[in-house]
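Just so you know, all these numbers are worked out from the coordinates, no wet-lab data involved. A quick note: this is a predicted structure, and the numbers were derived from the prediction, not measured. With ideal geometry, Cβ positions are generated from the backbone for all residues, glycine too; neighbour counts draw on all protein chains shown.
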Amino acid sequence: MMKEFPIPVVAGPGSQPQEDEVLQYMPLPSAMMTFALPVINDEADPALMAAACAVVGRLRDGMRAAPLGSRVQPVVELQQMDAEVVRLLNQTLGEGEVSIAVRGSGQYRIQETVFAGIWRIHEYATDGRLIGDTIMAGAIPPMVTRWAHDGTSLECPIPEKTPGIMNALSVLAEILGKASAHQAGAAAHVVNLTLLPMSAEDMNCLSTALGVGAVTILSRGYGNCRITSTMVPNVWWVQYFNSMDTLILNTIEVSEVPEVAQASREDYEDSIARLGEWLLVMQVQEKLGD
């Protein structure tokens with residue numbers, strides 16, 4: 001479940017997208033997501049329902065045995081499972097607030113379910129074939145962090161100052177210094193570009209120097225958020241938009257993965273309880289179908 005804004009939202013210089021900004025993003029959904037138990041087809045085959053219940057029960061048991069932050073994340077493989085069972089599971093789990101695309105030598109489409117911290121993961125070959133289909137529980141799937149580092153480098157020369165550049169070079173130096181010193185588990189370092197006077201030349205300088213990485217995250221909740229990895233390890237663009245898709249908060253964050261995209265411990269534990277509730281609903285529905 002998406003967190004509230006981590007820093008104050010202040011409209012000002014640098015808060016609006018520039019016409020020649022080079023960062024590219026996936027289309028952003030505009031509706032706010034709230035939790036609701038998914039609706040199960042009353043006419044679902046009892047045998048399919050039983051198979052889906054078994055998967056949900058296995059997932060819940062795995063989450064109970066592996067609290068958030070555990071070395072091993074609960075995973076259920078669906079690639080070889082009956083297509084009708086998978087369809088029922090998709091209906092059961094629904095779609096939540098966070099969508100992730102991973103591009104590069106690995107191709108993934110990842111969708112959080114309505115149960116925070118439970119993810120549907122599809123892996124594709126370079127020719128578009130589906131080669132992996134799983135359900136995984138955790139703060140965020142580990143391949144997101146792994147592929148966010150794919151091809152990245154701390155060797156990011158600071159460009160020469162050219163006319164129109166005001167703050168980009170100092171911001172870039174700060175970001176690279178924090179990225180070089182960043183340690184796993186350390187608190188995020190956030191540079192709020194919204195509060196800085198940033199010209200079009202500044203934005204172009206930053207986006208060109210940092211580049212666009214392999215991971216794009218779209219998050220919906222109390223605000224719409226686009227998160228994009230860069231070609232510098234642990235450096236992300238994090239941007240919030242209002243319902244008109246106007247940029248209202250523009251930040252660069254140094255972290256493994258921005259917290260706003262991750263499920264919290266409270267959300268994860270709540271999802272375990274909700275899975276149990278929904279499992280009871282499914283089991284009752286299964287009996288009614290017999």
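Numbers at a glance
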item	result
Net length gained if the chain between ASP127 and ARG64 were fully extended (0.36 nm per residue, minus Cα distance)	18.9 nm
Region 144-194: C-alpha gyration tensor shape, a/c 1.5 cut-off, then a/b vs b/c	prolate
Net charge over other residues, Cβ less than 9 angstrom from the Cβ of THR113 (K, R count +1; D, E count -1)	-1
Label-to-label distance, nm, for residues given as ALA47 and GLN183 (7 Å Cα→Cβ offset)	5.7
Charged-residue dipole, Cβ positions (Lys, Arg, Asp, Glu), region 45-165 about Cα centre, Debye nearest 20	280
DSSP-assigned coil residues among trypsin sites (Lys or Arg not before Pro) in region 91-166, each with at most 11 further Cβ atoms within 10 Å	ARG129
Segment ALA83-THR162, length gained on full extension (0.36 nm per residue, minus Cα span)	22.7 nm
Tensor-based shape of region 147-261 (alpha-carbon gyration tensor, a/c under 1.5 rounded, otherwise prolate or oblate)	oblate
Euclidean distance between Cα centres, region 70-116 to region 193-225, Å	27
